[in-house]
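Asker: Attaching a single structure in structure tokens format; questions to follow.
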Amino acid sequence: MASITKSTQTSLSEINMVPFIDIVLVLLIIFMITAPMMNNTGVDLQLPQVQAQNIDDAEGELVLSIKKTNEIFLGGTQVTWQDLEAKLKANERVKKESALYIEADTDLAYGVVITAMAVAKTAGVEKVMMLTDPSSTFKLSDLDQKVGKH
């Protein structure tokens, strides 16, 4: 009987680490799976930047250009306002990427750009991005002079 009590005492003096390691690994896997899901909270915004960077894309991006005279060009081809929605819906890049870049003349009315964005949204475009000229600097004094004229 003495030998049975000795083996029981020695086995109880050591902690078995295997169950602890199993629990830690299961918790690690749970956190690895749930962590990316936690980033879906909040509002997804494309905020304007003061300094713009060039967009490098081998294929080129689909650009909607709006001239000061309200003429619009989709990928370099002139389009009428009435045909814009149909052209965007039929465009393969819009179907694939659901993104559109808009570049507009500096002196263009704000409402014209908003109208173009609304038409793009109706056509199924989910991401509308504004293109800027990274080489030009915006001077606030010029804006104050324009506001003073009106």
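Since every read-out is calculated from the coordinates, none of them should be taken as a lab result. This one's a predicted model, so the numbers in the text were calculated from it and none came from an experiment. Ideal geometry is used to build each Cβ from the backbone, glycine not excepted, and the neighbour counts take in all protein chains shown.
Asker: Can you check what the net charge comes to around A123, using other residues whose Cβ is under 15 Å from the Cβ of A123 (Lys, Arg +1; Asp, Glu -1)? If you can, show how the numbers build up before the last one.
Answerer: Details: positive: K87, K89, R93, K95, K96, K121, K127; negative: D83, E85, E92, E97, E126.
Every neighbour counted, the sum reads +2.
Asker: I'd like the Karplus ³J(HN,Hα) series for the stretch 80-85: coefficients 6.51, -1.76, 1.60, θ = phi - 60°, whole numbers in Hz, and an x wherever there's a Gly or Pro.
Answerer: For the stretch 80-85, the Karplus curve yields 7, 4, 5, 8, 4, 4 Hz.
Asker: Using modelled amide H (1.01 Å from N, peptide plane; none on Pro or chain starts), what sits under 5 Å from the amide H of M130, excluding residues fewer than 5 places away?
Answerer: I102
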